[in-house]
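Okay, so here's the structure we're looking at.
The values are calculated or read from the model by the stated rules, or taken from the named source; none is laboratory data. Quick caveat, the model's predicted, so the values are computed rather than measured. Please note: Cβ atoms are built from the backbone with ideal geometry, for glycine as well, and neighbour counts cover all protein chains shown. In case anyone asks, the SASA skips ligands and DNA or RNA and just uses the protein heavy atoms, side chains included. Shrake-Rupley method; radii C 1.70, N 1.55, O 1.52, S 1.80 Å.
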Amino acid sequence: MSLYVYQTQLGRIGIEEQHDSITEVYFDNEPLPESVDIMATALTDEAARQLNAYLVGTLKTFSLPLAPSGTVFQKKVWHTLCDIPYGQTASYKDIAIAADNPKAVRAVGQANNKNPIPIFIPCHRVIGADGKLVGYSGGLAIKECLLMIERQNTP
């Protein structure tokens, strides 16, 4: 397992790789794991390159091997999040319906909150039913910034 911290326009972001897949992303406000090799790899460098291209609006779809650790339900929700088009948002209810479990709105919210690979798995595109921004591991300012980048770069 390797982790490297990159400087981005959002601040420092840690990208973790394990078994040739991205497994975690850490924002500056989150503690980094202690039992990990702090070193860049070709994959973490490529993830950082794609992330920076996304942040300047030149990349709209990531092409990285992702391996989030979670329950079957969480993985289904995270897969569904990847179907939200760039520049668009969906509510927790929309995600519950798309994940074939329309009554699981709260569980979708919890799965969204546990997303270990934010940005690459676009949980920032999920908003409240009233259209308001709600919770984000990197903070609401980062969520708002990500959504603004996407809005500005959507034809």
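Across Tyr54, Tyr86, the residue with the most accessible area heads the list, and the full order at a 1.4 Å probe is Tyr86, Tyr54. For the residues Gly11, Gly109, Gly138, a GNM of the chain with alpha-carbon springs under 10 Å puts the largest fluctuation on Gly11.
Under the simplified labelling scheme, the Asn153-Arg49 pair shows an inter-label distance of 1.6 nm, with each label point 7 Å from Cα along Cα→Cβ. In region 2-56, one over the average inverse separation of all distinct C-alpha pairs is 11.2 Å, which is the Kirkwood hydrodynamic radius. Shape class of region 72-153 from the Cα gyration tensor (axes a ≥ b ≥ c, square roots of the eigenvalues): prolate, since a/c reaches 1.5 or more and a/b is larger than b/c. Using the rule -39500 (n - 2.57) for each DSSP H run of four or more residues, divided by the residues of the chain, the 222 nm mean residue ellipticity is -10000 deg cm²/dmol. Each other residue within a Cβ distance under 14 Å of Gly139 adds +1 if Lys or Arg and -1 if Asp or Glu, for a net charge of -1.
Comparing Ala47, Ala141, Ala111 in a Gaussian network model of the chain (Cα springs below 10 Å), the most mobile by mean-square fluctuation is Ala141.
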